[in-house]
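Let me begin by presenting the structure, written as structure tokens, before commenting on it.
The values are calculated or read from the model by the stated rules, or taken from the named source; none is laboratory data. What you are looking at is a predicted structure, and each value in this text was computed from that prediction instead of being measured. With ideal geometry, Cβ positions are generated from the backbone for all residues, glycine too; neighbour counts draw on all protein chains shown.
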Amino acid sequence: MGAHTISLAASGDLEVSLRSGTLVFHKPIAYQESAHGRQAVESSFLLDSDDTAQFRLGRYDRNHELVIDPVFSLRLSGVVSSCVFFIRPSRVH
């Protein structure tokens with residue numbers, strides 16, 4: 001029941017091919033809130049040679065919360081469903 005293939009699209013989306021459809025994680029949006037408002041942080045997916053997906057992040061202030069806001073959609077037999085979820089890592093390397 002795992003993924004058949006995992007790949008990065010030219011758009012920066014992470015595509016996971018499943019038996020029943022394709023799960024697409026759209027290019028992540030990362031930011032930090034500050035007294036000056038929302039500050040964008042460069043972000044993208046990185047796919048390792050063993051098909052492990054990670055977030056690649058630009059410079060950001062490690063003393064403040066970082067929000068990585070990916071959006072994904074699931075295509076099953078012509079039906080598209082979209083969801084938004086938030087990730088708050090307990091540790092950033």
* **Residue list for the stretch 32-50, filter: surrounded by fewer than 12 Cβ atoms within 10 Å (Cβ to Cβ) and either within 16 Å of the chain's Cα centre (by Cα) or small (Gly, Ala, Ser) (or both)** => Ser34, Ala35, Gly37, Ala40, Glu42, Asp48, Ser49
* Which ones in the stretch 7-29 are surrounded by fewer than 16 Cβ atoms within 10 Å (Cβ to Cβ), at pLDDT below 85 and not polar (S, T, N, Q)? -> Leu18, Arg19
